[in-house]
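The values are calculated or read from the model by the stated rules, or taken from the named source; none is laboratory data. Computed from a predicted model, the values in this text were never measured in an experiment. Cβ sites come from the backbone with ideal geometry, for glycine too, and all protein chains shown count toward neighbours.
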Amino acid sequence: MSTSWLFVLASAIAVVGISFAFNKMMQQVQEIVEKGDQLDLNTMQAAQTKFFIQVAMAEAIPILIIVYAFTLIGQVIEANVMIPLVVIIGILVVAFVFLLRIKRDLMGTPKMSQESKGMVNTLFFIGAALLSAIPIISIVGIMTASS
């Protein structure tokens, strides 16, 4: 397997794992809002703590795959890197659409206050940043391998 496809594999595993963790966290937030409870700092910290632990577990294998791919960079000659780059960008776009759909569904809840909407927006941007980290590293790795 070429190094480019190892980067694609790492990106796919990370994006799927983080997307599931984000979905689970947003479901917890939605349950709180639907009960009529107010989102407060303690509730958000508890949800974020679980989310960060799940993200760390989801990123463990992809990080090992990326380290292995970087060790192979000088040994394998990359001929065509466009297809793996397009696949990674496609994975990232699909994941962002998934995150936006989850956010839109949660923001449509009629019982949500402005403060809660601000917290949900913050959670969305945290999730988007964590989601894009491994694919960005993979793109850099592929570009490094091709030069």
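Of all residues in region 14-30, those satisfying the criterion of being surrounded by fewer than 18 Cβ atoms within 10 Å (Cβ to Cβ), closer than 30 Å to Ser138 by Cα and not hydrophobic (A, V, I, L, M, F, W, C) are Asn23, Lys24, Gln27.
Out of region 100-118, which residues are in a helix (DSSP H, G or I), crowded, with 19+ Cβ neighbours inside 10 Å and aliphatic (A, V, I, L, M)?
First pass over region 100-118, keeping only residues in a helix (DSSP H, G or I): 100-107, 114-118.
This time we only want the ones that are crowded, with 19+ Cβ neighbours inside 10 Å, so: 102-103, 106, 116.
Listed by number, the residues that qualify are Ile102, Leu106.
Every test in (1) at pLDDT 90 or above; (2) of a type in the set (Val, Ile, Thr); (3) surrounded by 16 or more Cβ atoms within 10 Å (Cβ to Cβ); (4) more than 19 Å from the chain's Cα centre (by Cα) is passed by Val33 save one, and that test is (1).
Without any contact (Cβ under 8 Å) to a residue 24 or more places away in the chain, within 21 Å of Ser132 (Cβ to Cβ), exposed (fewer than 15 other Cβ atoms within 10 Å of the Cβ) and hydrophobic (A, V, I, L, M, F, W, C): is that true of Met57 in this structure? So Met57 fails the test.
Among the conditions (1) more than 16 Å from Leu6 (Cα to Cα); (2) more than 20 Å from the chain's Cα centre (by Cα), the only one that Val97 does not satisfy is (2).
Thr49 meets the conditions (1) more than 16 Å from the chain's Cα centre (by Cα); (2) of a type in the set (Ser, Thr, Tyr); (3) exposed (fewer than 15 other Cβ atoms within 10 Å of the Cβ) in every case but one. The failed one is (1).
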